[in-house]
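First up is the structure itself, then whatever we jot down about it.
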Amino acid sequence: MYKILNERLKKIIQENAHSLLKNSLTGLEKESLRVNTEGSIANTPHPTVLGSALKNPWITTDYGEAMLELITPPCDRAHKSLDFLLDVETFVYQHLKNELLWTTSMPCVIRGEDDITIADYGTSNAGKMKSVYRQGLAERYGKVMQVIAGVHFNYSVDTDFWPAFQRIENASKQAEQTFINTKYMGMTRNIQRYGWIIPYLFGTSPAVCRSFIEDGKKPKGMKDFNEHTFYEEWGTSLRMGDIGYTNSGEDSTGVKANYNSLEEYIACLREAISKPHQEYVDIGLKSGGEYLQLNTNLLQIENEYYSSVRPKRVLDGFEKPTCALERRGIQYVELRSVDINAFRPAGLTHKQLYFLEIFMMFCLLQESPDIHPDEAKEIDANQSIVAHRGRKPGLELSRNGKPITLKNWATEMLEQMQGVADILNQAHNENFYTDAISAQMELVQDSSLTPSAKVLDDIFNKDGSYYRFAKRKSEEHRDYFLERELKDHINKKIELVAEQSLQQQDELESETDMDFDTFLQRYFDNQL
């Protein structure tokens, strides 16, 4: 099963190609709800001191006005991206007024849909489009699931590695970008196949507040801890389960991305963006002259399709994501299944990031056949099982139609990842990658050491509810950031970027010379 992986690793060493992985790039995106001191979603606007949510590349908002998203630039080491994230969050905290950043993926005190204000991006056409898109999500799926938070891990293989890898694969006659696209799509398929290991190892959302559940009734399979908290006894990441933000209705709507090639991936998303869906037609495009959604199709835009992984390309202006991929190919891959680590101020650890690098390279180098319908169902089932019951002793998953225990499969995978860790250690002349594998192996051998198990232990034996646990950790992290010293030149740089973003938004709004209807039509016609 791992023959091709080990052959590739051997050839990479022989060709000294591992040294060409030294400058692979990583980036992080971390979402966090702004809440008041009681844990309720803040009803204050996005703080002006943080800049323009539309134009600031480092500090923006996700779905709601109170949902901060902190973004790092691509860094040549994962630990640098985490250090950058820490600096940005330090700046944010030291400019917030009596508010917390909620430190868990699942929100707590929610008083219904009206408690959630859609993010405001100003009066420009670009800003209006972002807000209307979010209004469309509210109309289609409701607001509550949109305020679940997570961490996205962006990974780009060093560009110098590709020509050497192409020679190793005897694919020199293929256009380089075509080769890169093929390999990145293979990576995305393997991330889906093996991605269940991420919620097992990183999941920190085994419980939810009753207020998160729309009718307050206990979901099937969950237990009452008390009147405020529901939990899964063996759960790892309910964010990635049935109550999280997933395309659970995709079978009824007909949306199912095809990852077998970049061309098929682009084609299926484009079809969904252009195909009307009666349920969304019934909602209507406008009400009283105001847009309710961008269109009445299966997907408003590509980003509406939820997946644990996305192949991506940096956009050129108002370029559509599928157009960017078609014109210039895949630039990086975004892993979206990482819960916020409630036990760490940054929401991740260096050791976790080293493991994610290994995991991404493992998925690139491991054999990756096409995913056919039966395997797609198996992948979805494995993810759901691990999200809801991942720590259950003796839990079985399905691999190629045959049962295998999670423990045996995870042990096998981590053992095979050791070869990937070795080449990354050599590339960087360090041992951190081997240490990262060892740390994760401990969690596989003893599920009580996993973050999700520790969350439940704190709830049961220390805090008494999910809310109290999350609030305590949020307050601890607030104190950490308020006490942390930010170097003066870093503080000034973040401050300058925030100020410049406000100027850029002002300029954009003053330059608007096109009505929104025309702007939207031209966007969908690829004429911007």
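Every number here is computed from the coordinates shown, using simple stated rules; none is lab data. Note that the coordinates shown come from a computational prediction; the quantities given were computed from them, not determined experimentally. Quick reminder, even Gly has a Cβ in these numbers, built from the backbone with ideal geometry, and neighbours come from all protein chains shown.
Overview of values
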{"quantity": "Using a Förster distance of 25 Å, the FRET efficiency for residue 493-residue 314 (Cβ separation, nearest 0.05)", "calculated": "0.75"}
{"quantity": "Cα-based equivalent ellipsoid, the chain: semi-axes from gyration tensor eigenvalues, Å", "calculated": "33, 29, 25"}
{"quantity": "Isolated Cys residues of the chain, judged by Cβ distance under 4.7 Å to other cysteines", "calculated": "75, 268, 323, 363"}
{"quantity": "From phi via Karplus (6.51, -1.76, 1.60), per-residue ³J(HN,Hα) for the stretch 66-80 in Hz, x at Gly/Pro", "calculated": "8, 9, 5, 10, 9, 10, 9, x, x, 10, 7, 9, 4, 5, 5"}
{"quantity": "Charge context of residue 507, other residues only, Cβ under 14 angstrom, K/R +1, D/E -1", "calculated": "-4"}
{"quantity": "Within-11-Å neighbourhood charge of residue 41 [Cβ basis; K, R +1; D, E -1]", "calculated": "-2"}
{"quantity": "Cut-off 10 Å between beta-carbons: net charge of the residues surrounding residue 347, Lys and Arg +1, Asp and Glu -1", "calculated": "-1"}
{"quantity": "Estimated distance in nm for a label pair at residue 7 and residue 80, the labels positioned 7 Å out from Cα along Cα-to-Cβ", "calculated": "3.5"}
{"quantity": "Packing-based exposure ordering (other Cβ within 10 Å, fewest first) of 196, 162", "calculated": "162, 196"}
{"quantity": "More than 18 angstrom apart: percent of Cα pairs within the stretch 49-181", "calculated": "67"}
{"quantity": "Sequence-separation-based contact order of the chain, relative, with Cα cut under 8 Å and 6+ spacing, percent", "calculated": "23"}
{"quantity": "Contour excess over end-to-end distance, with Cα ends at residue 462 and residue 407 and 0.36 nm allotted per residue", "calculated": "16.9 nm"}
{"quantity": "Whole-Å distance, taken between Cα centres, linking the stretch 151-223 and the stretch 98-149", "calculated": "25"}
{"quantity": "Nonlocal amide H pairs with residue 396, under 5 Å, H built at 1.01 Å", "calculated": "406"}
{"quantity": "Centre separation in Å (Cα based) which lies between the stretch 1-54 and the stretch 491-528", "calculated": "26"}
{"quantity": "Within the chain, helix-based [θ] at 222 nm, where runs of 4 or more DSSP H residues each add -39,500 (n - 2.57), nearest 500", "calculated": "-14500 deg cm²/dmol"}
{"quantity": "Beta bridge orientation in the chain: antiparallel %, DSSP, nearest 5", "calculated": "95"}
{"quantity": "Spatial separation of Cα centroids for the stretch 293-357 and the stretch 411-435, in angstrom", "calculated": "25"}
{"quantity": "Point-charge dipole on Cβ atoms (K/R +1, D/E -1) for the chain, about Cα centre, debye to 20", "calculated": "1120"}
